[in-house]
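K.L.:
Right, I'll just put the structure down here and ask away after.
What follows is calculated from the coordinates using simple rules that are stated; it is not laboratory data. Everything numeric here is computed off the predicted structure, so don't read it as measured data. Here the Cβ is made from the backbone with ideal geometry for all residues, glycine too, and neighbour counts use every protein chain on show.
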Amino acid sequence: MFAYRKVPHSTTGVSPYQLVYGWLPNGPLKLLKEVWTGDKEISTGSSKSIEEYLRDLTEKLKRLITWQEETEKAQAEYASRYNLRSREKRLAVCDQVLVLIPSSSHKLLKKWTGPASIIELPRPHTARVKMEDGSEKELHFNKLRPYIARIEQIGLIFDQYDEFGELHYAPTDTVELDFNDIYNHVMDSSSGLENSQKHQLADLLSKFSDVFSSVPGSAKVKGHLEELVKMPFLHTPDLSRPFLLFTDASAAACLAQHIDHMEEIPIAFFSKKLTLAQMKWSTIEREAFSVLEALRKFDTWIFGSQIQVISDHDPLTYLTNSAPHSAKLTR
């Protein structure tokens with residue numbers, strides 16, 4: 001290293017050391033030459049004897065060994081605390097995985113794509129995967145994630161159908177009760193009311209006796225239909241069909257699907273109260289926030305399926321029709 005630094009460079013004509021510091025370095029050979037020629041003397045008054053030097057060196061080495069042992073203990077504690085909840089990722093040949101690849105020229109913009117199939121494990125924590133387009137890549141386990149496929153259908157085969165037992169259907173009550181039966185049934189069910197409340201209930205039933213009936217139907221008041229008070233029935237999602245996500249700028253959403261004859265059925269509802277700062281956002285920001293929150297809420301159902309977002313405001317289409325200049329909307 002000393003020889004390299006003191007040799008003059010072919011381009012500059014001076015050594016790299018002299019170019020940086022302004023003088024030539026004093027290497028070991030130069031010091032030895034000065035001692036041999038008598039230009040410089042080695043001081044012997046403050047030097048230690050060989051026994052003292054070896055004793056001091058032994059003590060220093062013992063302290064270094066002690067420090068090394070303490071450092072190894074501390075490093076083991078740091079590693080165990082850092083890896084407390086970490087688990088080793090285990091992948092095998094023929095496993096389906098998702099691959100993290102860049103989505104654009106920007107190195108920070110990446111997305112999970114796949115599924116891809118593992119065809120070889122050449123080294124520990126490294127896998128060779130075959131992509132959907134047929135190309136092969138050798139990637140580290142950090143860029144791979146196990147792909148869990150959804151079960152589209154389940155087939156059950158039984159030797160005998162009578163293992164389920166005989167099916168019994170609940171009978172439909174089609175008997176129309178008269179007003180006296182309805183009155184007696186209501187009064188018997190009002191045992192927890194006070195006497196004054198029972199009298200008020202009896203007067204109300206007697207006054208509107210022509211309204212109460214055991215047969216479902218619409219009320220006589222115009223426009224007052226049974227649908228106004230009937231709770232919507234939630235249905236089980238069909239993972240083989242696309243989903244409909246209805247959102248608006250008030251951070252509320254409804255997840256639905258189309259069944260036969262294009263009939264919409266609700267699956268789940270979602271709403272979130274906006275903070276004072278969020279209420280001051282623009283309409284396009286609140287709409288985008290509502291869509292993101294709904295996608296996070298229903299991620300378990302809609303991940304990997306086709307989704308159609310339906311909104312009642314037009315500014316949300318600005319994000320797809322043009323490139324917004326706002327960094328907040330881009331994120």
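K.L.:
Excluding residues fewer than 8 places away in the same chain, name every one of the lysines whose C-alpha is closer than 16 Å to that of LYS60.
P.N.:
Once the sequence-local lysines are set aside, what remains near LYS60 is LYS48.
K.L.:
Past the 29 Å Cα-Cα mark, which pairs from LYS89/LYS110; LYS89/LYS137; LYS33/LYS62; LYS89/LYS130; LYS110/LYS297?
P.N.:
Over 29 Å apart, Cα to Cα: LYS33/LYS62.
K.L.:
Nearest 0.05, what FRET efficiency do ARG85 and GLU51 give at R0 = 56 Å with Cβ-Cβ as r? Mind showing how you got there, number by number?
P.N.:
Working: r = 55 Å, r/R0 = 0.98.
Computed FRET efficiency for ARG85 and GLU51: 0.50.
K.L.:
Residue separation times 0.36 nm, minus the C-alpha to C-alpha distance between SER135 and MET262: what's the value?
P.N.:
Going from the current span to full extension adds 41.7 nm.
K.L.:
Charges only on Cβ, +1 for Lys and Arg, -1 for Asp and Glu: so what's the dipole of segment 94-151 about the Cα centre, in debye to the nearest 20?
P.N.:
On the way: 10 positive and 6 negative charges, 59 e Å.
Approximately 280 debye in magnitude.
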